[in-house]
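Below is one structure; the comments refer to it alone.
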Amino acid sequence: MEKENSSYVTMFTLSGLNESSTNKYIYFSFTLLGYLFIICVNLTLIVIIALEKTLHEPMYFFLCNLSANALYGTAGFFPKLLFDFLSDTHVISYSGCLLQIFIIYTFSSCEFSNLTMMAYDRYVAICRPLEYHAIMTPLTTGKLILFSWIFPFCCLCFAILLTSRLPLCGSHIEKLYCDNWSVVKLSCVDTTVNNGYGYVVACIFFAHFLFILFSYMKILRACRTSSIAMSKCLQTCLPHLLTVINYIIALLFDLMYSRYGSYDMPQILHNLLSVEFLIVPPIFNPLIYGLNFQKIRNKVTRMCSRNKVIHT
């Protein structure tokens, strides 16, 4: 590979769409429909929670934050992908690449932080019900939501600074979008500091996962004595549990692809593994909660009935 000084690497080439040029308009159409659907379902959920006063509770505020984060993260991925479908050259500027890394990684981190806050909320609601309103005050809820954004933003700011200092010996990225590992691999120098920091951040968010597991162990222990309590527990916690499982599986697919992806694998499978965490959670999270939470389901039903009356 020809050696290039980082000062001359002003553009990166993305090779994830090299095999899709013959059907690019079909891919563009389905991707656009999918992105519009993501915007529609998440905005609907945000508007319903904002307008319905009976939903002004911590759990629903966390859910609203989850949808807002989905809109933020997908905005860093889909517009560029749609543009690339219609373009013959799939390139991105150096600064644009770092910005996309920042948005996608903060989206991913905020998602996990928010799911951890939701697990804590369910733990307090079920294991300490008499203290719930004293603990989960509007101020506490606001602080937790703010923390779920600020902490990932700080972590990723430092990661981007570490990446931006690296001199690069290449400009070719084997994905649909920029990711930190792909850029770090292009470095001409030792990346021990970057790798070490990556493992530290990974350990921090693994601790988030352990906290979620601990919360559900405590919840199940508190509810196991009564079948009625267990039934109510499953009704309120199942949507969150499905969301956590869905997100972790999607994230593991991307991690396995980034670190251990094989060049013998078909490109379409490469692409699906690398973008699942950007597509599946933003689509299914609102649907999971919308279908399982009766208050949200009832509000959607009333809105649909009102629209039918207006049109008739």
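The values are calculated or read from the model by the stated rules, or taken from the named source; none is laboratory data. What you see is a predicted model; the values in this text were computed from it and never measured. Don't worry about glycine lacking a Cβ; one is built from the backbone with ideal geometry, like all the others, and counts go over all protein chains shown. Surface accessibility is based on the protein's heavy atoms, side chains included, excluding ligands, DNA and RNA. Shrake-Rupley method; radii C 1.70, N 1.55, O 1.52, S 1.80 Å.
Annotations for the structure displayed:
- Degrees between helix 138-164 axis and first principal axis of the chain (Cα, 0 to 90, nearest 10): 10
- Within the stretch 1-155: Cβ-based charge dipole about Cα centre, in debye rounded to nearest 20 (Lys, Arg +1; Asp, Glu -1): 300
- Cα-centre dipole for the stretch 108-228 with unit charges at Cβ (Lys and Arg positive, Asp and Glu negative), debye to 20: 380
- The stretch between THR22 and THR192 holds 57.1 nm of extra length on full extension. This uses 0.36 nm per residue minus the Cα-Cα distance.
- Where labels lie 7 Å past Cα in the beta-carbon direction, separation of SER29 and CYS203 in nm: 5.2
- Most to least accessible of HIS270, HIS133 (protein chains only, probe 1.4 Å): HIS133, HIS270
- Rolling a 1.4 Å probe over the protein heavy atoms gives the chain an accessible area of 52 Å² per residue.
- Amide hydrogen neighbours beyond the local backbone of VAL91, cut-off 5 Å, H modeled: LEU14
- Packing-based ranking of 25-38, 233-246 yields 233-246, 25-38, ordered from highest to lowest mean Cβ neighbour count within 10 Å.
- Two-decimal Rg/Rh across the stretch 67-175, once Rg and the Kirkwood Rh are taken from alpha-carbon atoms: 1.14
- Crossing angle, helix 294-311 versus the chain [Cα axis fit, 0-90 degrees, rounded to tens]: 80
- Full-extension gain in nm, PHE211 to VAL280, via 0.36 nm per residue minus C-alpha separation: 22.5 nm
- Set LYS143/LYS295; LYS218/LYS295; LYS24/LYS185; LYS24/LYS175; LYS143/LYS232 screened for pairs whose C-alpha atoms are more than 22 Å apart: LYS143/LYS295; LYS218/LYS295; LYS24/LYS185; LYS143/LYS232
- Working value for the chain: equivalent-ellipsoid semi-axes of 38, 25, 17 Å, each the square root of 5 times a Cα gyration tensor eigenvalue, largest first.
- Placing pseudo-labels 7 Å out from each Cα toward the beta carbon at THR225 and SER15 gives an inter-label distance of 6.2 nm.
- LEU82-LEU51 FRET efficiency (beta carbon distance; Förster radius 30 Å; 0.05 resolution): 0.50
- Sequence-distant contacts, meaning Cα pairs under 8 Å at least 6 residues apart, place the relative contact order of the chain at 26 percent.
- Note on GLU131 and LYS295: their simple-model spin labels are 2.3 nm apart, each label 7 Å out from Cα toward Cβ.
- Surface composition of the chain: carbon and sulfur make up 69 percent of the accessible area, probe 1.4 Å.
- Around the Cα centre of the chain, unit charges on the Cβ atoms of Lys, Arg, Asp and Glu (plus for the first two, minus for the last two) sum to a dipole of about 1420 debye.
- Helix axis angle, 24-51 relative to the chain longest principal axis, alpha carbon, degrees: 30
- Packing rank of 174-182, 39-47, where each peptide gets the mean count of other beta carbons within 10 Å, highest leading: 174-182, 39-47
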